[in-house]
Structure formats: structure tokens, C-alpha cells
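See structure below.
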Amino acid sequence: MKPPEVPITDDHIHFNPRAGRGVEAAKDFRRAGGTHLFMVSLPAYSLGVVPTKGADYRTAFDETLRVADLVRGVGIVVFPVLGVHPVELLKYAETVGLPAAEEIVCAGLEVAAGYVEEGRAVALKSGRPHFPVAPEIAEASERVLVRALELSAETGCALQVHAESGPCTDILDLAARAGMDAGRVVKHYAVPETPLVPSFLAKQEGLAGMARAGRRFMMETDYMDENTRPGAVMGPKSVPRITRRLLESGAITPEDAWRIHAETPARVYGVEIVL
């Protein structure tokens with residue numbers, strides 16, 4: 001395969017040797033032309049950790065960093081993103097109650113922020129449920145998201161937001177109140193209408209048109225790496241393959257690709273993306 005002329009970056013991808021293909025999936029990304037990726041931590045419980053205090057998250061985060069090192073070993077530049085998936089609040093509330101669960105996940109976010117401060121991760125992740133929940137769950141989830149925005153502002157890092165499908169315009173106000181630069185708030189699984197920094201699934205309609213118009217966005221697969229759901233949400237080859245297809249067809253220019261895969265993520269996350 002011809003080496004890529006521009007970096008090819010997946011903004012949101014998981015690797016889980018426990019439940020999926022792990023490094024073998026990363027090799028697929030590399031063989032398809034992928035060069036850089038933002039590897040996002042999985043829910044702690046999916047790695048065998050059920051935290052009862054913030055420090056318990058270290059086991060899950062350390063496992064994420066261990067796998068990140070393995071992925072680097074196949075020739076990919078890996079930027080770890082650590083945090084707490086919004087569904088964790090619901091899961092832990094079932095056993096310890098909502099107030100205690102809120103304390104646990106907020107403490108987990110504080111631990112993740114420490115990893116960013118130490119230079120071991122580049123960003124945080126948080127959010128709110130993407131499906132209907134009871135009002136008290138929604139309110140607690142919003143408080144967790146606000147705490148994540150505050151921590152990102154204090155730490156000086158980007159925040160990937162997992163939330164409902166839609167513009168999520170209200171998060172701009174939450175970010176402003178938290179002192180967080182909205183230009184560093186990334187909407188994972190974004191829709192074109194969002195005012196946040198969009199990270200679009202590689203299969204998002206209209207990518208070429210938005211790129212030609214100069215829209216700043218990133219591309220992702222949200223690859224879950226679960227053998228029980230092969231290829232969910234999209235396979236690890238998807239971002240490189242679709243980018244190459246758009247380039248080869250002339251739908252986007254190399255300058256467009258550079259903006260998507262290097263310039264925008266470098267600006268948002270404060271990292272260097274070069275070949």
C-alpha cells in the first residue's frame with residue numbers, strides 16, 4: 001500500500017484485548033493507511049473494575065495506557081483520552097444509590113485529570129445519557145458533565161462529550177459557565193447542526209461538502225472492539241478507507257484532508273500531528 005501523503009486520524013476508537021481483537025484491530029487501521037488515533041477509555045466495569053472510590057479508576061486507566069503502548073508498537077501515534085462514560089453513573093447507582101454513584105464518577109474524572117496533568121493522556125471524556133432517563137438521573141448526569149467541563153478548563157485540555165444525538169447547543173452555555181473554551185469541546189458521534197467541535201462518524205453524509213466549505217471537523221469510527229459485536233460501530237479500517245476514497249475521487253483535496261486529520265485535532269487537543 002502507498003504510504004499516506006497526509007496523516008489519517010481516528011478521533012474516537014477503542015481497543016479491548018479482553019473482549020475483542022486488540023492490537024490486531026489496530027494493525028488493520030495501520031494497514032488501511034491510518035497513522036494517528038485518539039484511543040478512548042472504556043467504561044471501567046467493562047475492564048473488570050467496579051469502582052467504589054475515585055482511586056479505583058486507576059486500574060482501568062492504567063489498562064487503557066498499557067493497551068495504548070501496545071498499539072504504538074505497530075507504528076501508530078496514539079493519544080489517550082481518559083474519563084467516565086455517562087452510563088457508569090446509572091450502573092453504579094443501582095448498587096450504591098445515586099448520590100454515592102455521582103461522587104464516585106466525579107472522583108474518577110478528577111483522577112483522569114491527574115493523568116492529563118502528568119502528560120499521560122491528552123484529554124478527558126464525559127457526557128450524559130443518549131437515551132431517556134429519570135429526571136433525577138438527568139440532573140445528576142448534568143452535574144457530572146459540568147464537573148468534567150470544570151476539570152478540563154482547570155487542566156487546560158479538551159473534553160470529548162458523549163451525549164444524545166442532536167446539536168447539544170446547551171453545552172455551549174455549560175462550558176461558558178465552567179470557564180471552558182468551547183473550541184475544545186468535542187461532540188463525539190456528532191450531527192452537522194452542532195455548534196461544538198464535531199467528530200463525525202466516517203459514514204456521515206455530506207462530509208465532502210462540509211470539507212469543501214472549510215468546516216472544521218474530525219472523523220471517527222467509535223470502533224468498540226467487541227467480538228460479540230464485530231465491526232460496531234464502524235470497523236477500524238473505515239476512517240482511512242473512506243478518506244482515501246474521498247481523495248481519490250476528488251471529492252476532497254489534500255488540503256481538506258490535512259485540515260480534518262491534522263490541523264483541527266492538533267488545534268483542539270494541543271498535540272502535534274505530523275507524518
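The values are calculated or read from the model by the stated rules, or taken from the named source; none is laboratory data. These numbers were taken from a predicted model, which means no experiment stands behind them. Note that each Cβ is placed from the backbone with ideal geometry, even for glycine, and that neighbours are counted across all protein chains shown.
A few notes on this one:
- Residue, nearest to Ile13 (Cα to Cα), within region 164-192, restricted to residues that are part of a loop (DSSP other than H, G, I, E, B) and touching a helix residue (DSSP H, G or I) at 6+ places or on another chain (Cβ under 6 Å): Met180
- Considering residues of region 221-238 that are buried (at least 20 other Cβ atoms within 10 Å of the Cβ) and in contact with a helix residue (DSSP H, G or I) (Cβ under 8 Å, 6 or more places away or on another chain) only, the residue farthest from Val77 (Cα to Cα): Asp225
- Qualifying positions in region 40-59 - in contact with a Leu (Cβ under 9 Å, 6 or more places away or on another chain) and either surrounded by 24 or more Cβ atoms within 10 Å (Cβ to Cβ) or among the hydroxyl-bearing types (Ser, Thr, Tyr) (or both): Val40, Ser41, Tyr57, Thr59
- Here Glu205, Glu154, Glu193 are screened, and the one residue that is over 30 Å from Gly22 (Cβ atoms), free of Cβ contacts under 8 Å to residues at least 12 places away in the same chain and acidic (Asp, Glu) is Glu205.
- Leading residue by the ranking (nearest to Pro80 (Cα to Cα)) among those in region 48-66 that are aliphatic (A, V, I, L, M) and under 17 Å from the mean Cα position of the chain (by Cα): Leu65
Every residue, every condition in (1) over 30 Å from Glu142 (Cα atoms); (2) surrounded by 17 or more Cβ atoms within 10 Å (Cβ to Cβ); (3) at pLDDT 95 or above, yes or no:
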{"site": "Gly183", "(1), (2), (3)": "no, no, yes"}
{"site": "Tyr189", "(1), (2), (3)": "no, yes, yes"}
{"site": "Ser199", "(1), (2), (3)": "no, yes, yes"}
{"site": "Arg215", "(1), (2), (3)": "no, yes, yes"}
{"site": "Gly250", "(1), (2), (3)": "yes, no, yes"}
{"site": "Asp256", "(1), (2), (3)": "yes, yes, yes"}
{"site": "His261", "(1), (2), (3)": "yes, yes, yes"}
{"site": "Thr264", "(1), (2), (3)": "no, yes, yes"}
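- Selection status of Val84, buried (at least 22 other Cβ atoms within 10 Å of the Cβ), in contact with a Phe, Trp or Tyr (Cβ under 7 Å, 6 or more places away or on another chain), among the β-branched types (Val, Ile, Thr) and in contact (Cβ under 8 Å) with a residue 40 or more places away in the chain: no
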